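For reference, the structure is listed below as structure tokens.
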Amino acid sequence: MPSVLHSLPYFVAGWLFLCGLYGIVTSKHLVHAVICLAILQSSTYVLLLAVGYRVGGAAPIFADISTSELVVDPVVQALMLTDVVVEAVVVALLLAMVVKAHEKSGSVSPDDLRTMRG
Amino acid sequence: MMNPPISPALAVAVPLLGAAALTGARKWLARAVMDALGLLISLATLFICAWLLLGSVHHGASVYWLGGWWPRGSTAVGIGLVIEPIGTGLATFAALLTTLALLFSWRFVETGSNHFQPLMLIFLAAMSGFSLTGDLFNLFVFFELMSIAAFALCGLKTAEPAPLQGSFNFAITNSVAGFVVLTGIALLYSATGALNMAQIGLSLGTRHDPLVLFAWTLLTCGFLVKAAIVPFHLWLPDAHAVAPTPVCVLFSGLMVELGLYAVARIHYAIFAGCFASHHGALHMILYSFAAATVLLGGVMCYAEHHLKRMLAFSTICHSGLMLATLAAGGPLALAAMLAYLLAHGLVKGGLFFLSGVLLHNRRSITEPELFAAGRKLPWAGTLGALWILGGIGLAAAPPLALLLGEAGAEHAAELTHLHGLSLLFIFGGGMTAAAVLRVGMHTFFGWGGGVISDRAAEIGELPETKPENRKIHPYHIIAPAFCILFAIAIAFLPGWLHVLRDAAAAMANQPAYLHTTYTGQNVPLTQPSWREAIPGAAGRGLLALGLGTLLALSSVFRNRLPRPLRAGAFMEHGFRPLRAMQSGHPGDYVLWITVGLALFGSAAMIFMRA
């Protein structure tokens, strides 16, 4: 069943996206919310790699293969690496905020963080 | 091919490298040196962007391929910066606002051990890159860079819990938006194998299938989160309430509007051909979201008593007005939206600067505590006059330049038979002007008494400047005065509208845009003037202003009025469900984003299916 196998990464990407979203919406812990954001983002990794995959393609390193050989798309791999960098920065910044919040209020619950409403 | 006078990459590289150098040196440099260097780099960027702008106006649009990676045939292999008047104009505006913000923060605004200046420069680099780039993935990278700098700037005052709430919610919602955009980009890449916007547009042609529709939904909704369109707007008031004043100026003045610019850009460069037969439905969907935004923003703006939150809701309302203008469709609407963007950015920036002056001198930002405080300020007359002028401007009444944008919007709506736009402008302009005028009457005139308050206003905000110096310096006045007076000046020197109209015509014409991108040659396109629509717009602006003034007066003097006439006081208490929506919980905000995505997506699937 090759068609099912080919569409599997897309389902995985969609599933991860929804998992992350569900996690953030129901989160009771700020660190948990940040990790859920990271999970949401990993759906984009899977999606990008799935988009660039070619059946039977080699790794796009032309040191030991000829340039006419079928390779997987290197562009999306570059995009994914950029995406990893973005994630690292976002997660680091958010976790730093969580540490600060814990220092100030002694709590890591999003309910205790909110001071302004309405 | 006309080469740009200087390398356009400098518009991004100068502030970015400057920020890196300043960060490295921040521990050894005195505050004043950091400020001076930051201001200098920002001025240099302003100069570069303005030069690029003038070059593109005089010699036509051009494309700069980074690293000399020219396209092979119709395949773009490198990243292109598109040097046309609109993108360079936005970059110039970003540099101008950053320069004013850095001037305003000179020596007094707390900088979190000199982190402030480099972050502002990174923010500027990201905004100018976002405006110039012609590559979709590059757009995402600058979107994220802009967001990350913004999160950090927003949470700069980490000595209190409220900034953490504001910046955490801001960071979570806007990161989700970023990943929604990235998913859309990945889908488009899978469909076309291209990342250059023009090449994607060329490759899609008139293709219209569920994949394209899905990608459009994701990209548009992602950017609408940045543009604070209901129901994606919830992060904005929290972020504005806690960010330092000079940062608020950049958020409200340009960052939010860049979301709308991106929506317009991807629509015209990529999807215009795909949805050519569904223009009506597309515009109705955008128009419905915009109308909801104007209504909610207007009502909530009047119900707020925390000055920055009030101005934040007014930004939401005006962002809705700009999206409604865009939804009228066509190059004229695009030009009108951009004219409105420029004028609104100036006026809103001026109002934020003025609220920053109040916070600096009176150590408070809420309306009840500031009652009659404006009269005790030095320069009270000037500050009060600027504040009231800002209020008049928000109503799109003469003599401020928002009027020109409103006139164009109305003209575009007439041409495309879109109804109700003028009512939206009167409502949105009237409500936001009423809120600003009410604060002006309370704070600067000391009229009325017994100011109504609300829950958010009771939290207040700790001052962002050091307590030992409450003096108001000339540079505290220069920034707001420049903003408001510039908004008046450009209304009387409307020569720039020609340039804007022609540039918008070129941007909104997909074949012309593709031609420019690939050959670097400019296709001259012109469109009719909307000069004849200005008197009508002035009338509507004055009507909005009149209604707004009446509302504000009925609120300020409510105790002298019979109960049925206290409309203002009634509006001022706000509506409980709308306040409850603003819960302050990041999970709720993301839930609303999901709901908005689902609504937008199902509307697109029902009304725009192939």
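Take the residues in the stretch B:595-610 that are in contact with a helix residue (DSSP H, G or I) (Cβ under 6 Å, 6 or more places away or on another chain) and surrounded by 14 or more Cβ atoms within 10 Å (Cβ to Cβ), then tell me which one is farthest from the other protein chains (Cβ to nearest Cβ).
Among them, the one singled out is B:Met608.
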Any hit, the stretch B:90-102, residues being modelled with pLDDT under 95 and among the polar types (S, T, N, Q): no
Hits in the stretch B:472-494 (condition: under 9 Å from B:Ala401 (Cβ atoms) and outside any helix (DSSP H, G or I)): B:Pro494
Only one of B:Leu403, B:Leu423, B:Leu418 that is among the aliphatic types (A, V, I, L, M), assigned to a helix (DSSP H, G or I) and touching a Gly at 6+ places or on another chain (Cβ under 9 Å): B:Leu403
The stretch A:5-47 - residue that is small (Gly, Ala, Ser) and facing chain B (nearest Cβ under 7 Å) and, of those, surrounded by the most Cβ atoms within 10 Å (Cβ to Cβ): A:Ala33
Selection count where residues are more than 21 Å from the chain's Cα centre (by Cα) and not aromatic (Phe, Trp, Tyr), scope the stretch B:128-155: 1
Residue identified as more than 24 Å from B:Pro71 (Cβ to Cβ), within 14 Å of chain A (Cβ to nearest Cβ) and hydroxyl-bearing (Ser, Thr, Tyr) among B:Ser105, B:Ser147: B:Ser147
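Going by the conditions given, is A:Val108 at the interface with chain B (Cβ under 7 Å from one of its Cβ atoms) and among the aliphatic types (A, V, I, L, M)?
No: the conditions fail for A:Val108.
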Residue check for A:Val91: in contact (Cβ under 8 Å) with a residue 60 or more places away in the chain, surrounded by 13 or more Cβ atoms within 10 Å (Cβ to Cβ), within 10 Å of another protein chain (Cβ to nearest Cβ) and within 24 Å of B:Ile172 (Cα to Cα): no
The stretch B:22-62, residues that are within 23 Å of B:Phe93 (Cα to Cα) and not in a helix (DSSP H, G or I): B:Gly60, B:Ala61, B:Ser62
Top-ranked residue of the stretch B:168-217 - restricted to ones that are facing chain A (nearest Cβ under 9 Å) and not in a helix (DSSP H, G or I), ranked as nearest to B:Ile229 (Cα to Cα): B:Leu195
Output for the stretch B:575-584, where each listed residue is surrounded by 20 or more Cβ atoms within 10 Å (Cβ to Cβ) and within 26 Å of B:Thr217 (Cα to Cα): B:Gln582
Residue match in the stretch B:557-574 (condition: surrounded by fewer than 22 Cβ atoms within 10 Å (Cβ to Cβ) and either within 14 Å of chain A (Cβ to nearest Cβ) or modelled with pLDDT of 90 or more (or both)): yes
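What residue, of B:Leu219, B:Leu211, B:Leu224, B:Leu182, is within 22 Å of B:Gly584 (Cα to Cα) and either aliphatic (A, V, I, L, M) or in contact with a Leu (Cβ under 6 Å, 6 or more places away or on another chain) (or both)?
Numbers: B:Leu219 fails: within 22 Å of B:Gly584 (Cα to Cα); B:Leu211 fails: within 22 Å of B:Gly584 (Cα to Cα); B:Leu182 fails: within 22 Å of B:Gly584 (Cα to Cα).
Going through B:Leu219, B:Leu211, B:Leu224, B:Leu182 in turn, the sole match is B:Leu224.
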Residue count, the stretch B:155-167 (criterion: in contact (Cβ under 8 Å) with a residue 40 or more places away in the chain, part of a helix (DSSP H, G or I) and either surrounded by fewer than 24 Cβ atoms within 10 Å (Cβ to Cβ) or more than 10 Å from chain A (Cβ to nearest Cβ) (or both)): 1
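Matching residues to (1) out of contact with any Pro (no Cβ under 7 Å at 6 or more places or on another chain); (2) closer than 16 Å to B:Leu37 by Cα; (3) of a type outside the set (Asp, Glu); (4) outside any loop (DSSP other than H, G, I, E, B):
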site	(1), (2), (3), (4)
B:Tyr64	no, no, yes, yes
B:Ile86	yes, no, yes, yes
B:Leu90	yes, no, yes, yes
B:Leu103	yes, yes, yes, yes
B:Trp106	yes, yes, yes, no
B:Asn114	yes, yes, yes, no
B:Ala125	no, yes, yes, yes
B:Ser128	yes, no, yes, yes
B:Ser131	yes, no, yes, yes
Test: residue in the stretch B:361-368 that is out of contact with any His (no Cβ under 9 Å at 6 or more places or on another chain) and crowded, with 24+ Cβ neighbours inside 10 Å: no
Some residue of the stretch B:488-506 being free of Cβ contacts under 8 Å to residues at least 40 places away in the same chain and farther than 27 Å from B:Ile83 by Cα: no
Search result, residues across the stretch B:204-223 that are under 19 Å from B:Leu286 (Cα atoms), β-branched (Val, Ile, Thr) and touching a Cys at 6+ places or on another chain (Cβ under 8 Å): B:Val212
Some residue of the stretch B:94-104 being farther than 20 Å from B:Ala149 by Cβ and touching a residue at least 24 places away in the same chain (Cβ under 8 Å): no
Residue match in the stretch B:287-300 (condition: in contact with a strand residue (DSSP E or B) (Cβ under 9 Å, 6 or more places away or on another chain), at pLDDT below 95 and within 14 Å of another protein chain (Cβ to nearest Cβ)): no
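Matching residues to (1) in contact with a Gly (Cβ under 6 Å, 6 or more places away or on another chain); (2) at pLDDT 90 or above:
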| residue | (1), (2) |
| --- | --- |
| B:Gly330 | no, no |
| B:Ala333 | no, yes |
| B:Ala339 | yes, yes |
| B:Leu346 | no, yes |
| B:Gly349 | yes, yes |
| B:Phe353 | no, yes |
| B:Ser364 | no, no |
| B:Glu367 | no, no |
Checking B:Glu468 against (1) surrounded by 20 or more Cβ atoms within 10 Å (Cβ to Cβ); (2) modelled with pLDDT under 85; (3) farther than 19 Å from B:Pro246 by Cβ, the condition it does not meet: (1)
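Output the number of residues of the stretch B:64-89 satisfying the condition of being buried (at least 24 other Cβ atoms within 10 Å of the Cβ) and out of contact with any Leu (no Cβ under 7 Å at 6 or more places or on another chain).
Residues in the stretch B:64-89 being buried (at least 24 other Cβ atoms within 10 Å of the Cβ) and out of contact with any Leu (no Cβ under 7 Å at 6 or more places or on another chain): 3 in total.
The values are calculated or read from the model by the stated rules, or taken from the named source; none is laboratory data. A quick note: this is a predicted structure, and the numbers were derived from the prediction, not measured. Every residue, glycine among them, receives a Cβ derived from its backbone with ideal geometry; neighbour counts consider all protein chains shown.
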